[in-house]
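Engineer: I have a structure I would like to understand better, so I am pasting it below and will then ask my questions one at a time.
Please treat every number below as a calculation from the coordinates, not as lab data. On a predicted model such as this, the values are computed, not experimentally measured, just so you know. Reconstructed Cβ throughout: ideal geometry from the backbone, glycine too, with neighbour counts over all protein chains shown.
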Amino acid sequence: MEVTVKIFRYNPEKDQRGNYVTYKIEADPNDRVLDVLEHIKGKEDGTLSFRRSCAHGVCGSDAMRINGRNMLACKTLVRDVGANITVEPLLGLKVAKDLIVDMGPFFDNYKKMLPYLINDNPIPADGKERLQSPEQRARFDESTKCILCAACTTSCPSFWANDEYYGPAALVTAHRFIFDSRDEGADQRLHVISETNGSVRCHTAYNCTEACPRDIHITQAIGEIKLAMVTGKLE
Ligand code: SF4
Ligand code: FES
């Protein structure tokens, strides 16, 4: 099938502002949008810039707006988006070049959530792991699936309005550790989240949940964090 692909192009070294360039190529309906971009870069214009690594929905590096919605290019089939495809960078983060955005502020917010196990107690004398029941592990299983693609944060109207908001991805990271029975840093994380740019900025728009390529129930996770802040309960 013939596919018309309109791509946002911007080179800060040459352009005052971005513009759209349209390419017409042959594609198979089962091709992914990432294949289309690779084809254009390989055959039409080698200067086209975008991020990708795993090409299989694991690394989170190729989130972009495809026909107005945040998606992973490697998980989006041509047949699902049609013969007219518009590809743009994520909203709310500075464009570095074409479809590449500066992920620095996104990862700064991730780091604020202390994304590592906090437990200063000595490990058991028998040298075994800190034990956890299947039920305790299941409590935070969903939030372990995050691949840090930023599709959620950059689809959030609260983040668009105030880019100081830590954003849903950071809160999912916090959720992953706050509800881990082996971790003892919940108070520190809840303190960070209770700041002005924390969970209070979430207005349950659900855009994040819709955008997540891992089907994480993000809005629910944020709700659980808010509840923990009020009740102090971590179950
Ligand atoms: Fe991406 Fe989902 Fe993680 Fe947000 S929660 S960064 S959308 S994987
Ligand atoms: Fe890794 Fe798409 S290239 S998630």
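Engineer: Do any cysteines in the chain lack another Cys Cβ under 4.7 Å, and if so which?
Structural biologist: When partners are defined as cysteine Cβ atoms under 4.7 Å apart, the chain leaves Cys74, Cys146, Cys149, Cys156, Cys202, Cys212 without one.
Engineer: Mind ranking 95-107, 44-56 by how tightly packed they are, going by the mean number of other C-beta atoms within 10 angstrom, highest first?
Structural biologist: Highest-to-lowest ranking by the protection proxy: 95-107, 44-56.
Engineer: What nm distance separates the two modelled labels at Val21 and Thr196, each placed 7 Å from Cα along Cα→Cβ?
Structural biologist: Taking the simple label geometry, Val21 and Thr196 are separated by 4.2 nm.
Engineer: OK, next. Looking at segment 56-99, I'd like the Rg to Rh ratio, where Rg is from alpha-carbon atoms and Rh is Kirkwood's inverse mean 1/r.
Structural biologist: Result for segment 56-99 is an Rg/Rh of 0.96.
Engineer: Report relative contact order for segment 49-175 in percent, whole number only (criteria: Cα-Cα under 8 Å, sequence separation at least 6).
Structural biologist: 27 percent
Engineer: Most exposed first by the Cβ proxy, i.e. fewest other Cβ within 10 Å, how do Arg9, Arg201 rank?
Structural biologist: Result, fewest neighbours first: Arg9, Arg201.
Engineer: Pairs of Cα atoms under 8 Å, at least six residues apart: use those to get the relative contact order of segment 148-235, whole percent.
Structural biologist: Computed value for segment 148-235: 34 percent relative contact order.
Engineer: Across segment 102-108, in residue order, what do the Karplus-derived ³J(HN,Hα) couplings come to in whole Hz, using 6.51 cos²θ - 1.76 cosθ + 1.60 with θ = phi - 60° and x for Gly and Pro?
Structural biologist: 6, 8, x, x, 4, 6, 4
Engineer: Next question, about the same structure. Is the shape of segment 67-165 best called rounded, prolate or oblate, per the rule: a/c under 1.5 gives rounded, else a/b larger than b/c gives prolate, else oblate, with a ≥ b ≥ c the square roots of the Cα gyration tensor eigenvalues?
Structural biologist: Prolate is the answer for segment 67-165, as a/c is 1.5 or above and a/b outweighs b/c.
Engineer: Please work out whether segment 9-107 counts as rounded, prolate or oblate from its C-alpha gyration tensor, where a ≥ b ≥ c are the square roots of the eigenvalues and a/c under 1.5 means rounded, while otherwise a/b larger than b/c means prolate and anything else oblate?
Structural biologist: oblate
Engineer: Give the distance, in whole Å, between the Cα centre of segment 130-163 and the Cα centre of segment 1-68.
Structural biologist: Each part's Cα centre sits 27 Å from the other's.
Engineer: Using only alpha carbon pairs under 8 Å that are at least six residues apart, calculate the relative contact order of the chain and give it in whole percent.
Structural biologist: So the answer I get is 18 percent.
Engineer: Evaluated at 37 °C with a viscosity of 0.692 mPa s, what Stokes-Einstein diffusion coefficient in µm²/s does the chain have when Rh comes from the Kirkwood expression over alpha-carbon pairs?
Structural biologist: It comes out at roughly 171 µm²/s.
Engineer: Viscosity 0.692 mPa s, temperature 37 °C: give me the Stokes-Einstein translational D for segment 189-235 in µm²/s, with Rh taken as the Kirkwood radius over C-alpha pairs.
Structural biologist: Value of D from the Cα-based Kirkwood radius: 289 µm²/s.
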